[in-house]
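A short worksheet on the structure shown next.
The values are calculated or read from the model by the stated rules, or taken from the named source; none is laboratory data. All of these numbers come straight from a predicted model, not from anything done at the bench. Every residue, glycine among them, receives a Cβ derived from its backbone with ideal geometry; neighbour counts consider all protein chains shown.
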Amino acid sequence: MILTLSGTPNPKQEAFFLAEARHIAYGGARGGGKSWAMRRKFVLLAFRYPGLRLLLLRRTLPELYENHVLPLQKELYGAVDYQSTQRAFLFPNGSRIKLGYCDREADVFQYQGQEYDVVGLEEATHFTESQMQFLTTCNRSVRSDFSPRMYYTCNPGGVGHAWVKRLFIDRNYRNSERAEDYVFIPARVTDNPVLLARNPQYLETLRNLPEHLRKAYLDGNWDVLEGQYFQEFDRSIHVVKPTELPKEWKRFRAMDWGYNDPCCVLWFAVAPEGRLYVYRELYLRKTLSSEIAKRVRTLSAGERIAYTVASPDAWQQRGLKGAEGTCIAEVFAKNGVPLIPADHARIPGWQRVRENLAVREDGAPNLLIFENCGNLIRTLPALTYDAHVPEDVSDACEDHAPEALRYGLMSRPRANEPKPQTPARRYDPLSTAKPALTGFCGI
Ligand SMILES: Nc1ncnc2c1ncn2[C@@H]1O[C@H](COP(=O)(O)OP(=O)(O)OP(=O)(O)O)[C@@H](O)[C@H]1O
Ligand SMILES: [Mg+2]
């Protein structure tokens with residue numbers, strides 16, 4: 001069977017096809033023919049080099065199917081076998097294109113120990129820097145006729161905006177990174193005549209976007225969508241040196257439970273004028289719930305803690321990593337740390353964080369963080385916008401400390417809100433009543 005691949009690359013796609021650097025990125029704006037170019041390059045390489053091993057990734061499985069599995073099945077029908085169980089195209093010459101996704105941060109580890117001559121990251125800004133770094137370790141080759149290569153397509157925005165911009169736009173290199181290994185071929189919708197001819201409305205759609213999105217997606221401007229969710233966070237005003245806080249100030253804690261992912265506990269103190277201090281954090285991975293509860297108690301010795309809010313998953317019945325009991329909340333209660341379920345509404349919660357970061361009339365923000373809370377200070381400014389829900393934080397970010405912060409702030413009355421009259425409720429692990437999700441914040 002003779003396979004005829006339709007379409008001719010436009011000049012930008014041609015430049016992408018001819019590049020031979022170790023890291024080659026294409027696009028930087030919407031509709032420049034990125035996905036087409038990535039797919040076609042992979043197919044051409046697979047035919048050109050018998051026995052070549054290629055890995056093509058997108059962040060999520062539905063995107064992978066839509067963008068690559070289905071179009072490749074169509075393009076290669078009858079000439080190349082598709083093995084659905086392995087999600088791989090097996091070429092008659094022994095080459096193999098494996099298609100994969102890395103939805104969760106840890107999903108990259110499935111490729112540990114595997115070797116690919118070529119690795120492609122479609123929509124590279126959807127991948128975190130550590131995922132990219134890990135995948136680079138899988139990109140190695142023992143062939144003499146081909147040196148290992150990584151291909152990237154990208155649009156501005158998303159969790160990986162910063163590293164893609166640094167390497168391919170700003171060309172700011174660190175440690176062993178070498179400038180000559182990185183090539184970027186910019187392409188915009190106007191470089192893609194096929195799309196312009198087939199769908200002339202698309203250009204108009206891009207032109208009608210709000211200004212910052214228009215600049216990013218139509219013009220390929222990487223400065224407008226830096227991607228940082230809390231742009232108001234400023235170390236010099238939100239982070240303060242630890243001091244002894246008055247004993248009589250009200251205190252509470254908030255926890256984002258995790259075992260494989262880190263578990264984060266934050267301690268809050270409320271100044272008489274309502275200003276909030278996050279004065280301590282505990283950030284532990286792979287630690288039993290009973291052990292964390294004991295650490296929380298020890299760290300809180302001598303302090304009066306009004307309550308501890310926790311992510312609702314602490315009430316899920318599931319494996320407890322060796323601890324006794326039926327749910328994390330029960331283990332905590334048995335170890336002297338009763339929990340109440342946090343209000344985990346995401347968008348109102350992030351909005352509450354934003355309100356607390358805002359500078360008040362007296363020139364200081366409502367939220368101050370002691371500089372010993374290193375994980376909160378590191379991860380809060382690193383949160384980025386979700387690629388699909390622009391008001392939300394991308395769940396690809398390391399968000400355990402910000403989530404604990406959000407739960408803590410949602411347990412407080414809003415600034416200017418009257419104090420609730422109902423007394424604080426505590427979770428009683430032995431009660432059969434379902435814990436209330438809201439209305440417990442009466443301190
Ligand atoms: N050289 C080409 N020959 C034929 N069709 C092409 C070519 N380049 C792109 N196309 C077609 O143009 C359309 C847009 O291209 P593509 O999906 O690759 O763009 P993109 O940059 O990935 O877009 P997005 O930013 O939305 O992800 C698709 O229908 C694609 O098949
Ligand atoms: Mg695309």
Requiring at least 3 residues that are closer than 28 Å to residue 191 by Cβ, the strands (runs of 3 or more DSSP E) wholly within region 1-118 are 23-27, 53-58, 96-101
Qualifying positions in region 209-248 - more than 16 Å from ligand 1 (Cβ to nearest atom) and of a type in the set (S, T, N, Q) | 228, 231, 236, 243
Among (1) in contact with a helix residue (DSSP H, G or I) (Cβ under 7 Å, 6 or more places away or on another chain); (2) closer than 30 Å to residue 128 by Cβ, where does residue 216 come up short?
-> (1)
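Yes/no per residue for (1) modelled with pLDDT under 90; (2) under 19 Å from the mean Cα position of the chain (by Cα); (3) not small (Gly, Ala, Ser):
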{"site": "375", "(1), (2), (3)": "no, yes, yes"}
{"site": "382", "(1), (2), (3)": "yes, yes, no"}
{"site": "391", "(1), (2), (3)": "yes, yes, yes"}
{"site": "404", "(1), (2), (3)": "no, yes, no"}
{"site": "411", "(1), (2), (3)": "no, no, no"}
{"site": "416", "(1), (2), (3)": "yes, no, yes"}
{"site": "419", "(1), (2), (3)": "yes, no, yes"}
{"site": "426", "(1), (2), (3)": "yes, no, yes"}
{"site": "436", "(1), (2), (3)": "yes, no, no"}
Starting from region 91-114, keep only residues that are without any contact (Cβ under 8 Å) to a residue 24 or more places away in the chain, then list their pairs with residues that are surrounded by 14 or more Cβ atoms within 10 Å (Cβ to Cβ) and among the aromatic types (Phe, Trp, Tyr) whose Cβ atoms are within a distance under 6 Å, requiring at least 6 positions of separation or different chains.
-> none
Subset of region 120-149 (residues that are closer than 15 Å to residue 108 by Cα and among the hydrophobic types (A, V, I, L, M, F, W, C)) | 121, 124, 127, 132, 134, 135, 138
Here are some residues: 159, 164. Which one is touching a strand residue (DSSP E or B) at 6+ places or on another chain (Cβ under 7 Å) and within 16 Å of ligand 1 (Cβ to nearest atom)?
-> 164
Could we say that residue 208 is free of Cβ contacts under 8 Å to residues at least 40 places away in the same chain, at positive phi, away from ligand 2 (no atom under 16 Å from the Cβ) and surrounded by fewer than 20 Cβ atoms within 10 Å (Cβ to Cβ) here?
-> no
State all residues of region 281-320 that are of a type outside the set (A, V, I, L, M) and within 18 Å of residue 410 (Cα to Cα); if no residue qualifies, say none.
-> 281, 307, 308, 311, 312, 313
If only one of 42, 134, 91 is more than 16 Å from ligand 1 (Cβ to nearest atom) and more than 22 Å from the chain's Cα centre (by Cα), which one is it?
-> 91
Options 251, 275, 285; residue that is touching a residue at least 60 places away in the same chain (Cβ under 8 Å) and either of a type outside the set (D, E, K, R) or at negative phi (or both) | 275
Of the residues in region 1-39, those that are more than 10 Å from ligand 1 (Cβ to nearest atom) and at pLDDT below 95 come to 1, 2, 3, 4, 20
Restricting to region 99-137, what's the tally of residues that are at positive phi and surrounded by 14 or more Cβ atoms within 10 Å (Cβ to Cβ)?
-> 1
If you scan region 211-246, which residues turn out to be basic (Lys, Arg) and touching a residue at least 12 places away in the same chain (Cβ under 8 Å)?
-> 235, 241
Are there any pairs with C-beta distances below 8 angstrom linking a residue in region 370-382 that is of a type in the set (A, V, I, L, M, F, W, C) to a residue that is part of a loop (DSSP other than H, G, I, E, B), with the two at least 6 apart or on different chains, and if so which?
-> 370/241; 370/242; 377/371; 380/230; 380/233; 382/397; 382/398
Identify, please: which residue in region 367-385 is assigned to a loop (DSSP other than H, G, I, E, B) and touching a strand residue (DSSP E or B) at 6+ places or on another chain (Cβ under 6 Å) and is, among those, farthest from residue 243 (Cα to Cα)?
-> 383
